[in-house]
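Below is one structure, written out as structure tokens, with a few remarks after it.
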Amino acid sequence: MVLLLGIGFLAGVVTAISPCVLPVLPILLAGGASGRKPLRIVAGLVASFSVFTLFATWILDRLHLPLDTLRNLAIAFLFLLAATLLVPPFALLLERPLVWLSRYRPQRAGGGFALGAMLGLVFVPCAGPVLATITVVAANNDVGGRAILLTLFYALGAAVPMLAIAYGGREAAGRLRRHAQTVRIASGTLIALVALGLVFHADDHLATLTPGYTNFLQGKVEDSSAAKKQLAKLRGVEATTVATSTRTAPDGLPDYGIAPPLHAGGAWINSQPLDLEQLRGKVVLIDFWTYSCINCLRTLPHLKSWYAAYHKDGLVIVGVHTPEFAFEHVTSNVRAAVKRLGIAYPVMQDNDYRTWDNYANEYWPAEYLIDKEGDIVHESVGEGEYGTTESLIRELLDVNTAPKAKSEPNLTPTGYLTPESYLGYARLQNYVGTQPVPNRFAQYAFPATIPLNTLSYAGQWKVAAQPITAGTNARLRLHFQGQHVYIVMGGHGTVRKLVDGKPTGTIRVDAQRLYTVLSAPHDTTGLIELRFSPGVQAYSFTFG
């Protein structure tokens, strides 16, 4: 627990030295020049950010209010505060009911705290793994003591640099006290400009300016193995780690220990429910996959070939379908994919990730080969190693003199590829352009340039955690490198394709699955633009 809180605190510090904190700094400097006011402002910010990050969705749902109600309230308060500073008669009018808000007096604790509380509603930090985990926990209404403490420590970490900036600016502010009238007008103008910028979501653009040093620090803090383990536990993922091999099985192969059990989180397809105990005496290959994953699809021909050749000799393949996207939880979709792909071996749905977590798995695809005694003797992550895996299957089955399985081409890419690129806000990393507005339709525009390995929206889109849904004139651009480009889409409609400005055809979207955007004869670099009919959903780009 101490490690988790330390990670959260450091993640908050990294957030507060990134451009994302800029919207609140002018108000800290304008409002925190005297006494303990900076401390009260930051205390209010920490309190409101923590409470509303965890409970805002639940509160607004119970009150039947839009999700942006609190943000709009905070912006209105900032305009009101600016008016009291810029127009003294207006301040006098409000003095009696709002004296605790309008007066900047060190002895009045309420004003600073209330100002900070409003800032907490418009403080939108750059999202990293820590904040993403907090958001997921809050969205699932699974807020416990650990989540509350993590959020608080994250907010405290962000508060430390803010306090340093506020107190650091007090010396300069002190020199201006004899120009109180000018300072008051300047402060009011500054706060009004910040509020106006928030109205037009100028703060959203700052998240795209995260400099290299914050990316580096975030990688060291939030993407470390220790952080991933702690955050997984907070999400309720108690992984039973498949240990590194330290011994040798009787057959001379590495022994990774007894294979963890299978826990179906959905239907079994092509089979009655199986468990590994009843499969003792068989050689079992566990394949973690999902039907919209291009890497998994390139692995399937080898799995099907092995099953056809060696099933009669005692090979059992179990495809553990662990969904990446929401539509992959649907049994009818998985059944249709299994039939379409010609898979004859058993497939189980792992919708709740219990089997995935049992194996401490992190990849699609991943294979775990289990001998007749029930021990894992080989792991293969990602594509490739087909020759090694087949040789081990033959050795475990003792069929080395029998013919090999039908040879399938190894389509594993060997050159440099653009990384897999998700389109929803939950995992949006390779994006440039107008900052996404979560969960409602908004207008977007392409930037002047789109660097290699990045993408951008234009037109009207509704950006959700996983899919983006096309509205009027919805377009995507992607600057890619690779031979093949694929996109996961759903809904019904059409998508027109352009490569480097030239039309190359139309995709007809009729189901939630993987679609091919481009197949070039060799590796290439280019700019793809996709033009969507309204209602079509897109999830991610993958490459080969």
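The values are calculated or read from the model by the stated rules, or taken from the named source; none is laboratory data. Not measured: the values here are computed from a predicted model. Note that each Cβ is placed from the backbone with ideal geometry, even for glycine, and that neighbours are counted across all protein chains shown. The area values use the complete protein model at the heavy-atom level, side chains included, leaving out ligands, DNA and RNA. Shrake-Rupley method; radii C 1.70, N 1.55, O 1.52, S 1.80 Å.
Gain on full extension, evaluated as 0.36 nm per residue between T189 and V330 minus their Cα-Cα distance, stands at 45.4 nm. Share of carbon and sulfur in the accessible area of region 296-409 stands at 51%, probe radius 1.4 Å.
Per atom type, region 495-543 shows carbon and sulfur on 49% of its accessible surface, probed at 1.4 Å. Label point of V432 set 7 angstrom out along Cα-Cβ; within region 454-470, amide nitrogens under 18 Å from it belong to 454-459. Placing +1 on the Cβ of every Lys and Arg and -1 on the Cβ of every Asp and Glu, with no other charges, gives region 310-367 a dipole of roughly 400 debye about its Cα centre. Extending 7 Å from the Cα toward the beta-carbon at both F79 and A344 defines two label points whose distance is 6.9 nm. The overall shape of region 276-321, judged from the alpha-carbon gyration tensor, is oblate: a/c is not under 1.5, and a/b is no greater than b/c. Can you figure out the FRET efficiency of H263 with V381, using R₀ = 22 Å and their beta-carbon distance, to the nearest 0.05? With R0 = 22 Å, the Cβ-Cβ based efficiency is 0.55.
What are the GluC sites (Glu not before Pro) within region 248-349 that DSSP puts in a loop, where the Cβ has at most 14 other Cβ atoms within 10 Å?
Here the sparse-neighbourhood loop sites are E277.
Of the whole protein surface, D287 contributes about 0 Å² of accessible area at a 1.4 Å probe radius.
Given a 1.4 Å probe, how much area per residue of region 420-544 is accessible, in Å²?
42 Å²
Placing a pseudo-label 7 Å from each Cα along the Cα-to-Cβ vector at A360 and T401 gives an inter-label distance of 4.1 nm.
With all protein chains in place and ligands, DNA and RNA left out, the 1.4 Å accessible area ranks T454, T504 as T504, T454, largest first. Rounded to whole numbers, the Karplus 3J(HN,Hα) couplings from phi for region 421-426 are 10, 7, 10, x, 5, 5 Hz, using 6.51 cos²θ - 1.76 cosθ + 1.60 with θ = phi - 60°, and x at Gly and Pro.
Using 1/(1 + (r/R0)^6) with R0 = 45 angstrom and r between the beta carbons of F55 and N410, what's the FRET efficiency to the nearest 0.05?
Computed FRET efficiency for F55 and N410: 0.30.
Loop-resident trypsin sites (Lys or Arg not before Pro) (DSSP state other than H, G, I, E or B) in region 276-321 with no more than 14 further Cβ atoms inside 10 Å of their Cβ: R280. Per residue, region 265-381 exposes an accessible area of 35 Å² to a 1.4 Å probe, with every protein chain left in place. Each of the peptides 520-527, 257-264 was scored by the mean count of other Cβ atoms within 10 Å over its residues; in descending order, highest first, they stand as 257-264, 520-527. Across all Cα atoms of region 379-503, the radius of gyration (one decimal) and Dmax (whole number) stand at 20.7, 64 Å.
Amide H contacts for G526 (H built 1.01 Å from N in the peptide plane; partners 5 or more residues away or on another chain; cut-off under 5 Å): F480. Panel note: the C-alpha atoms of region 246-399, placed on their principal axes, show extents of 43, 28, 28 Å (largest first).
Karplus-based coupling profile of region 286-294, in residue order and whole Hz: 8, 10, 7, 8, 8, 6, 9, 8, 5, with θ = phi - 60° in 6.51 cos²θ - 1.76 cosθ + 1.60 and x standing for Gly or Pro.
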